[in-house]
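The values are calculated or read from the model by the stated rules, or taken from the named source; none is laboratory data. As the structure is a computational prediction, the values presented were derived from the model and not from experiment. Here the Cβ positions follow ideal geometry from the backbone for every residue, glycine too, while neighbour counts run over all protein chains shown. The accessibility values were calculated without ligands, DNA or RNA, using every heavy atom of the protein model including side chains. Shrake-Rupley method; radii C 1.70, N 1.55, O 1.52, S 1.80 Å.
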Amino acid sequence: MDPGDYGDWLRVLGLQSSGCENIRDHVKEVRRVLDTSGPLLQIMVPEALTAYSALPDQILVYRGCSAGQFTGLSWSLDRDCAQIFATFPKYAVADPVLVTAVTRKRDVLALILEREEQDIVTFKARRQLVEPILGGDSLK
């Protein structure tokens, strides 16, 4: 792919990312196409670039998911927002958990601010804690 075309493709991906509801089903393909270290500046709109610039070097991120889906490409800076994803009827899973992880700013591919989710896109979040959302014991 021509480098100019790749930048254009990244811009379109960034603009359409909030409509990518089943990205978890395509993580291998996405990893093959995108770099695993960031940032991919073309994905982010100006407001997201400003917010990305203000992020610290170590970032605490959250992921609401099934107990079998600890890894993923989509994380949130907002704990409450992440938790909703495992319990919202459209995404509800039988075994919802909240994963807390840490990632380095340089490993963030993009920050997506659409839909007020504060979405962090990274392949390199290091899991710190897994907690059942609807009661139960913490898993580590």
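Name the residues in the range 21-56 that are open to solvent by less than 70 Å² (accessible area, probe 1.4 Å), part of a helix (DSSP H, G or I) and modelled with pLDDT of 85 or more, would you?
Once the filter is applied, which keeps residues that are open to solvent by less than 70 Å² (accessible area, probe 1.4 Å), part of a helix (DSSP H, G or I) and modelled with pLDDT of 85 or more, the range 21-56 yields ALA48, LEU49, ALA51, TYR52.
Could you grab me the full set of residues in the range 57-95 that are crowded, with 18+ Cβ neighbours inside 10 Å, touching a residue at least 24 places away in the same chain (Cβ under 8 Å) and touching a Ser or Thr at 6+ places or on another chain (Cβ under 8 Å)?
Residues satisfying the conditions are ILE59, VAL61, TYR62, ARG63, GLY64, LEU73, TRP75, ALA86.
Anything in the range 65-87 that is assigned to a loop (DSSP other than H, G, I, E, B) and charged (D, E, K, R)? List them, or say none.
ASP78
Which numbered condition trips up LEU60, out of (1) at pLDDT below 90; (2) more than 26 Å from ASP5 (Cα to Cα)?
(1) is the only condition that LEU60 fails.
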